[in-house]
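Enquirer: Here it is: the structure, laid out below.
The values are calculated or read from the model by the stated rules, or taken from the named source; none is laboratory data. Please read all numbers here as calculations on a predicted model, not as lab measurements. Backbone-built Cβ (ideal geometry, glycine too); neighbour counts: all protein chains shown.
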Amino acid sequence: MVTHDTQRFIGRAAELDTLFQQVVGLRLGAPAQRCIINLCGVHGIGKSALLATLRQRMTSEFGLKTLSLVLPPLPPAHKAPTLEAKHALLRQLATETGQPLPAPIADEAAADAALVACAAALVAAHTPVLLLVEAEHRSAPALFGWIERGLLLPLVRAERVVAVIASRSPLRWREFDTRRRAETLSLAPLGLDDTAAQLGLEPAAATVIYQLTGGLPLANELARDLVAAHPDPAAWDQVALASAILAALYQRIEPEITPALRCTLEVLTVVRGFALPLFQTLTAFCDQTSQARSQSLQLLTIKQLQELDLVLWDQANLSYHVAPVLRQLIAGTLRRAHPERYAALQHTAIDYYREMLDDVFVSRHVHLRELLWHTLDSQVFLEQTPPELLRDLVARYLTSPDGRHVDLEAVAALRAQLVADTEISALLERHGTELAAMLAVLEVG
């Protein structure tokens, strides 16, 4: 397991409280119905640090028997756990439990038997177990299935375990008795106050870093190291700082993110969601031949980004999007380091949504909302105020040419989306406009 300085662990009080309650119940002989916690979140959100802190505190405060496992990566193209990977996990278990491995482990059957024997010994010991598992690599779900069946399932049935499994996306449970006892806990970025505490900075200085990192704990930690030699915020080069943070983050994400995938990811962060036509338009900034590529190759690129948990599918809007925390961090760096490229991408997105509103007569409120967001973000609406801009957009796209009929259903849907859209609210605040003034424009009919 990766070593973390638990003395510098900041925030996550609610998550730790939830996990502490599970452990206390287990020690008192009243294990919770949900004894498996799947911690989920993007790269750098603090899952490993939370596991390390949990291990340290549970050991020191409760003397609880704790087993920590890190699922090793599988070779490329392997969909099932290899004997080498199973052997690596068994060696970790032998180290954690103090029980020697049965020898030899020459085949799959021997590895499976060794795992079952380990689980049986833990159950027979009648000792509560805190099982911590890092399942971060993209091949981890295949190997976790082996651990779930051979180790976790017997411990759950014996009510001897609280298990905390960290993964970038929610795990799929293969066994009924583990699935019904599991819950997913998604980690969000740190707020400004926790970011200031992590950085050891005054609020004003921490705000500068927070605008660069979005509260992503790993990015905060990288920023802490980078600004340590320059305690005066006036001396900070924000472009260089943001670029250095992003470069270090890429190194942590995955060695498999090629320059081509990295460019694709970066241009996609300029938009909040995309379908294949917009993907094709934006990726032309990386490769002028991309528009001539087959749809299958474009979908393959999206799948690669999904496998790295960088791009997610949004079933509600039937579109893809870059993981929000990473999108804001990467797009912010692109805006600072390459403002002309960022502006060109924004204008391309604006043109795309205008064409969609001109040519497509479904989901018009969604397209109008995104056109509004991009226009506010790019500040291309010149002398108009945001309410004037919205009024013009509604008149053009949601009102009949003679002005007598308004698409009230689309206006109502747009209003509901604006109320819930925190990013548009932040842009309006930047422009000195209250959300109420925008909603007043939509009071029609």
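Enquirer: State all residues of the stretch 343-371 that are in contact with a His (Cβ under 7 Å, 6 or more places away or on another chain) and either in contact (Cβ under 8 Å) with a residue 60 or more places away in the chain or not assigned by TED's automatic domain parsing to the domain that holds E266 (or both); if no residue qualifies, say none.
Expert: Q346, A349
Enquirer: Mind listing whichever residues of the stretch 435-445 are assigned to a helix (DSSP H, G or I) and surrounded by fewer than 19 Cβ atoms within 10 Å (Cβ to Cβ)?
Expert: Residues satisfying the conditions are L435, A436, A437, L439, A440.
Enquirer: Next question. May I ask you to verify whether I36 is touching a residue at least 40 places away in the same chain (Cβ under 8 Å) and over 13 Å from I165 (Cα atoms)?
Expert: No.
Enquirer: Looking at the stretch 397-418 only, could you name the residues that are in contact with a helix residue (DSSP H, G or I) (Cβ under 8 Å, 6 or more places away or on another chain) and either under 17 Å from R364 (Cα atoms) or surrounded by 12 or more Cβ atoms within 10 Å (Cβ to Cβ) (or both)?
Expert: Y397, L398, V406, D407, A410, V411, A413, L414, R415, Q417, L418
Enquirer: Hey, another quick one. With respect to E355, is the statement that it is part of a helix (DSSP H, G or I), more than 28 Å from the chain's Cα centre (by Cα), more than 20 Å from F279 (Cβ to Cβ) and not hydrophobic (A, V, I, L, M, F, W, C) true?
Expert: no
Enquirer: Could you tell me whether K86 is in the same structural domain as G41 (by TED's automatic domain parsing), under 23 Å from L171 (Cβ atoms), charged (D, E, K, R) and in a loop (DSSP other than H, G, I, E, B)?
Expert: no
Enquirer: Regarding L122, is this residue part of a helix (DSSP H, G or I), in contact with a Pro (Cβ under 9 Å, 6 or more places away or on another chain) and on the phi < 0 side of the Ramachandran plot?
Expert: So L122 passes the test.
Enquirer: What number of residues within the stretch 93-138 satisfy the criterion of being polar (S, T, N, Q) and within 34 Å of the chain's Cα centre (by Cα)?
Expert: Here the count works out to 2.
Enquirer: Within the set of pairs 6+ apart or on separate chains, which have a first residue in the stretch 66-80 that is closer than 30 Å to T53 by Cα, a second that is of a type in the set (S, T, Y) and in a loop (DSSP other than H, G, I, E, B), and C-beta atoms under 6 Å apart?
Expert: Partner pairs satisfying both residue conditions: P73/S139; L74/S139.
Enquirer: For T269, indicate whether it is touching a strand residue (DSSP E or B) at 6+ places or on another chain (Cβ under 7 Å), buried (at least 17 other Cβ atoms within 10 Å of the Cβ), of a type in the set (V, I, T) and at pLDDT 85 or above.
Expert: yes
Enquirer: If the requirement is being aliphatic (A, V, I, L, M) and surrounded by 19 or more Cβ atoms within 10 Å (Cβ to Cβ), which of these qualifies: A344, A337, A323?
Expert: Just a single option satisfies the conditions, and that option is A323.
Enquirer: Filter the stretch 403-434 down to residues that are under 21 Å from Q211 (Cβ atoms) and in a helix (DSSP H, G or I), then give me how many there are.
Expert: Of the residues in the stretch 403-434, 9 are under 21 Å from Q211 (Cβ atoms) and in a helix (DSSP H, G or I).
Enquirer: If you check A109, A94, A121, which single one turns out to be in the same structural domain as I10 (by TED's automatic domain parsing) and in contact with a Ser or Thr (Cβ under 9 Å, 6 or more places away or on another chain)?
Expert: The match here is A121.
Enquirer: Can you find a residue that is part of a helix (DSSP H, G or I), at pLDDT below 85, in contact with a helix residue (DSSP H, G or I) (Cβ under 6 Å, 6 or more places away or on another chain) and not small (G, A, S) anywhere in the stretch 5-16?
Expert: Within the stretch 5-16, one or more residues are part of a helix (DSSP H, G or I), at pLDDT below 85, in contact with a helix residue (DSSP H, G or I) (Cβ under 6 Å, 6 or more places away or on another chain) and not small (G, A, S).
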